[in-house]
């Protein structure tokens with residue numbers, strides 16, 4: 001049974017249809033890579049799912065709940081976790097404080113408590129302990145007292161993963177998670193995604209241009225072109241498809257041989 005699904009999801013900007021009636025379902029325990037050329041609609045599709053953009057028509061459902069009328073924050077609380085190409089963190093707080101905030105938001109409904117969040121967090125040892133456990137899982141225990149603003153880019157991306165874990169997301173959405181990373185930094189994030197895959201109750205969506213990453217991590221590939229879903233299947237079948245190699249993956253044609 002699918003955990004996340006889109007039905008005829010569409011968005012128009014004036015006369016341009018950026019995502020065109022995409023119907024797709026995503027099951028727990030799977031990692032689906034979303035690929036296609038620049039301008040294919042991959043990130044726009046992500047934005048429609050996570051609520052950064054409001055669809056012109058169509059629906060997004062999570063666990064059977066229609067999220068279409070909800071904004072991004074409400075969808076996050078419902079279980080959609082989104083990591084951005086640009087990190088979305090509190091730069092003036094420490095690493096531990098960032099994760100502890102996310103844990104508190106999940107455990108105690110911080111969105112309803114307002115300023116109480118800041119006054120009571122130090123009284124909750126359980127929150128700090130959970131935050132420390134998450135930081136250990138992402139190999140950042142030694143950075144917990146470091147201000148986020150001083151972290152290198154790779155560690156900021158690791159911290160984003162920690163926040164998604166703290167929010168207890170049902171769906172993890174990664175938009176080019178290794179973008180801007182050095183050759184040495186990228187494997188750390190990919191190892192974290194591999195670790196998340198072990199939890200078969202979670203669904204992972206990945207937008208990624210690097211076909212070697214897609215081949216290794218994906219259980220399934222869907223291909224968008226001009227906002228339309230044009231291919232969907234297991235990685236070997238999709239990558240081997242002549243129409244996908246020639247029209248949508250460009251240089252990946254040679255790499256796939």
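Each row is one residue, and each column tells you yes or no for (1) touching a residue at least 24 places away in the same chain (Cβ under 8 Å); (2) over 15 Å from the mean Cα position of the chain (by Cα).
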residue	(1), (2)
40	yes, yes
62	yes, no
66	no, yes
74	no, yes
93	yes, yes
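Take the conditions (1) buried (at least 18 other Cβ atoms within 10 Å of the Cβ); (2) assigned to a strand (DSSP E or B); (3) touching a residue at least 60 places away in the same chain (Cβ under 8 Å); (4) in contact with a strand residue (DSSP E or B) (Cβ under 6 Å, 6 or more places away or on another chain); residue 232 misses just one of them, which is (1). Candidates 55, 5, 74: the one that is farther than 22 Å from residue 209 by Cα and out of contact with any strand residue (DSSP E or B) (no Cβ under 7 Å at 6 or more places or on another chain) is 74. The set of residues in region 190-229 that are closer than 20 Å to residue 40 by Cα and either free of Cβ contacts under 8 Å to residues at least 60 places away in the same chain or in a helix (DSSP H, G or I) (or both) comprises 210, 211, 212, 213, 214, 215.
Highlighted here are the strands (runs of 3 or more DSSP E) found entirely within region 1-86 that include at least 2 residues which are on the phi < 0 side of the Ramachandran plot, buried (at least 18 other Cβ atoms within 10 Å of the Cβ) and at pLDDT 95 or above: 4-13, 16-26, 31-35, 57-62.
The values are calculated or read from the model by the stated rules, or taken from the named source; none is laboratory data. This is a predicted model, so every value here is computed, not measured. Cβ coordinates were reconstructed from backbone atoms using ideal geometry, including for glycine residues, and neighbour counts include every protein chain displayed.
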